[in-house]
1. Condition first: out of contact with any Gly (no Cβ under 8 Å at 6 or more places or on another chain) and either among the hydrophobic types (A, V, I, L, M, F, W, C) or at pLDDT 90 or above (or both). Now tell me which residues in segment 358-369 satisfy that.
2. Contact list please: Cβ distance under 7 Å, first residue in segment 123-134 and over 12 Å from Arg157 (Cβ atoms) and of a type outside the set (Phe, Trp, Tyr), second residue part of a helix (DSSP H, G or I) and at pLDDT below 90, pairs at least six apart or on different chains.
3. Of the conditions (1) farther than 25 Å from Leu353 by Cβ; (2) at pLDDT 90 or above; (3) surrounded by 18 or more Cβ atoms within 10 Å (Cβ to Cβ), Glu280 clears all except one; give me its number.
4. Could you check segment 156-179 and list, in sequence order, the residues that are within 19 Å of Phe393 (Cβ to Cβ) and of a type in the set (D, E, K, R)?
5. From the list Val205, Val191, Val225, Val162, which one is open to solvent by 80 Å² or more (accessible area, probe 1.4 Å) and not acidic (Asp, Glu)?
6. Is it the case, given these coordinates, that Lys313 is over 30 Å from Ile90 (Cα atoms), in a loop (DSSP other than H, G, I, E, B), in contact (Cβ under 8 Å) with a residue 60 or more places away in the chain and open to solvent by 10 Å² or more (accessible area, probe 1.4 Å)?
7. So which of Thr211, Thr249, Thr217 ends up being open to solvent by 20 Å² or more (accessible area, probe 1.4 Å) and among the β-branched types (Val, Ile, Thr)?
8. Considering only segment 254-277, state which residues are within 26 Å of Thr96 (Cα to Cα) and either buried (at least 18 other Cβ atoms within 10 Å of the Cβ) or in contact with a strand residue (DSSP E or B) (Cβ under 6 Å, 6 or more places away or on another chain) (or both).
Amino acid sequence: METVILAVVIAVVVLGALGGLIVGSRRRKPLPPPPPAAPDITAPPAEPHVGDEAETPRDEPRRTIEEVDLPGGSAPVAVEEPPSVEAPEIEIPEPTAGRLVRLRARLSRSQNALGKGLLTLLSREHLDEETWEEVEDTLLTADVGVQPTQELVERLRERVKVLGTRTPEELRGLLRDELLKLVGTDVDRTVKTEPEDRKPGIVMVVGVNGTGKTTTTGKLARVLVADGRTVVLGAADTFRAAAADQLQTWGERVGAYTVRGPEAGDPASVAFDAVKEGKEMGVDVVLIDTAGRLHTKTGLMDELGKVKRVVEKHAPLDEVLLVLDATTGQNGLVQARVFAEVVDITGIVLTKLDGTAKGGIVVAVQRELGVPVKLIGLGEGADDLAPFEPEAFVDALIGD
């Protein structure tokens, strides 16, 4: 009996312990969260428009773009039109009458070493052979040439012997007379630009690269415009870069139209078109600037002859002007000979006669070609090309 009671007590104790454990574990376990409340359903936000904030649009009056003030109250920005290209202003060239006389002072400063040297030698009390040799050397140094020098010295010898005593005024007059005979006063030096039976007059300008040929053509256009002529320029120098642009610039200054072709194109074609255009426009003169030629290149010189023949299909050439650099002296005569063989030179333009040039080249080149010097360039100015006047030139050589 006691054993049964003991067993019952143990069973009760065990059951009690198990019950305590179960209650403790239930107290430590977290309770599940309550079910969420039902969310409020709203409409999706509207898509923002340009200038709207990214928020729900509001009902408010809207304004047009013209009614909206810009920040700062600035005026609307106006789009500027590109500036129009204005035509270059037409210049009025200096009149040609007496132009060389006005430039005489410049010529005297650079050229009268020849005249002063001769006057000093001829003023010696005794003119022996040594003195006459010095006279010859002075003339040769001035590029007068051998044959003209010998002729001048011979005439001076005779006149000094007859004159006897020599005052400075008498010597200056004597030397002036003899130099004028060498230069020539009875030659027609007019640039032929007014044929009697037709229009326009046609002038072709030729020369070696570097002589100032294109510049001379532009300056000649100014001379003609100053005399009241209308001019068309033909840019037949298609081989030198920017030659056509250079000539066109000269033409625009005086209102002359320029005919040009593609770079490295056929110069004869450009020359032909220039004469054709000049006839259609009814101008007075067509000036054709040809490509500078190396006088040692036979093929290029033949092409120059072709330009001349093509131009003459319209009308005969009135002038073929050869441009020579006066500073080259006797070397320029070699070029002159070759050009004279290819085209019939009718006149000479001596450029760069100011500075270091020697005035005797005027005599030498005329003797060599048998054609007169018609124009001379005395500087870099636009109006520094002048008709050649023998009296003014010789006066500048011997000085006052």
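1. Val362, Leu369
2. Close Cβ pairs (under 7 Å, with a partner that is part of a helix (DSSP H, G or I) and at pLDDT below 90) amount to Ser123/Pro168; Ser123/Leu171; Glu134/Leu121.
3. Status for Glu280: all satisfied but (3).
4. Arg172, Arg176, Asp177, Glu178
5. Selected residue: Val162, the only one of Val205, Val191, Val225, Val162 that is open to solvent by 80 Å² or more (accessible area, probe 1.4 Å) and not acidic (Asp, Glu).
6. No; evaluated as a whole, the condition is false for this residue.
7. Only one candidate qualifies: Thr249.
8. Those that are within 26 Å of Thr96 (Cα to Cα) and either buried (at least 18 other Cβ atoms within 10 Å of the Cβ) or in contact with a strand residue (DSSP E or B) (Cβ under 6 Å, 6 or more places away or on another chain) (or both): Val254, Ala256, Tyr257, Thr258, Val259, Ala274, Val275.
The values are calculated or read from the model by the stated rules, or taken from the named source; none is laboratory data. Quick caveat, the model's predicted, so the values are computed rather than measured. For neighbour counting, all protein chains shown are included, and Cβ atoms are generated from backbone atoms with ideal geometry for every residue, glycine included. Please note that ligands, DNA and RNA were not included when accessible areas were found on the heavy atoms of the full protein model with its side chains. Shrake-Rupley method; radii C 1.70, N 1.55, O 1.52, S 1.80 Å.
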